[in-house]
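See below for the structure under consideration.
The values are calculated or read from the model by the stated rules, or taken from the named source; none is laboratory data. Bear in mind the structure is a predicted one, so any value in this text is a computation, not a measurement. Here the Cβ is made from the backbone with ideal geometry for all residues, glycine too, and neighbour counts use every protein chain on show. Only protein heavy atoms, including side chains, enter the accessible area calculation; ligands, DNA and RNA are left aside. Shrake-Rupley method; radii C 1.70, N 1.55, O 1.52, S 1.80 Å.
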Amino acid sequence: MPAPIPAEELRAVVDAVRPWLAGEANQPPRSVVGAAVKTTARWLAQQVPGRSVEVRIPPHVAVQCVEGPRHTRGTPPNVIETDAATWLRLVTGEITWADAVADGKVTASGNRADLSALVPLSPLRR
């Protein structure tokens, strides 16, 4: 089991990409975006442990979270997939879950594939 991610680390990796998300700077290097995506996704999985929902942010990370029926093989019944920029905007509260889904920026399948109550991530709310 990985070590818990401190809220300070979470904020630091996201602060490194905030100017890009706000349209005030060019996209940072892939490693910087990847660190923010991986850390935020893993923080979510740490806060809402479980294996009933798989959150995919290709090509950076996929995590399982949310209590419920456990998925063990093949495609899980509850899958959420989005791109890095959309994910980071969701976890920081720059866009809402409902808007991202309605705009087709997030695909969510399954009756548990709804993160509206979990995003934005509490340490990142402004």
Inset, instruction - Would you mind telling me the share, in percent, of accessible area of the chain contributed by carbon and sulfur at probe 1.4 angstrom? - result: 49
Legend entry - Sequence ranges 50-63, 15-28, ranked by mean other-Cβ count within 10 angstrom, highest first: 50-63, 15-28
Legend entry - the chain: antiparallel DSSP beta bridges as a percent of all, rounded to 5: 75
Legend entry - C-alpha center-to-center spacing [region 42-61, region 63-126] in angstrom: 9
Legend entry - Approximate spin-label separation residue 11-residue 64, in nm, with each point projected 7 Å along Cα-to-Cβ: 3.3
Legend entry - Gain upon complete extension [residue 24, residue 114; 0.36 nm per residue less C-alpha separation]: 29.4 nm
Inset, instruction - State in Å² the accessible area per residue of region 26-126; use a 1.4 Å probe, count heavy atoms of protein chains only, and round to the nearest integer. - result: 52
Legend entry - Pairwise label distance in nanometres, residue 75 with residue 94, each label 7 Å out on the Cα-Cβ vector: 3.0
Inset, instruction - Could you pull out the trypsin sites (Lys or Arg not before Pro) across region 65-123 that fall in loop regions by DSSP (anything but H, G, I, E, B) with no more than 15 other Cβ atoms inside 10 Å? - result: 70, 73
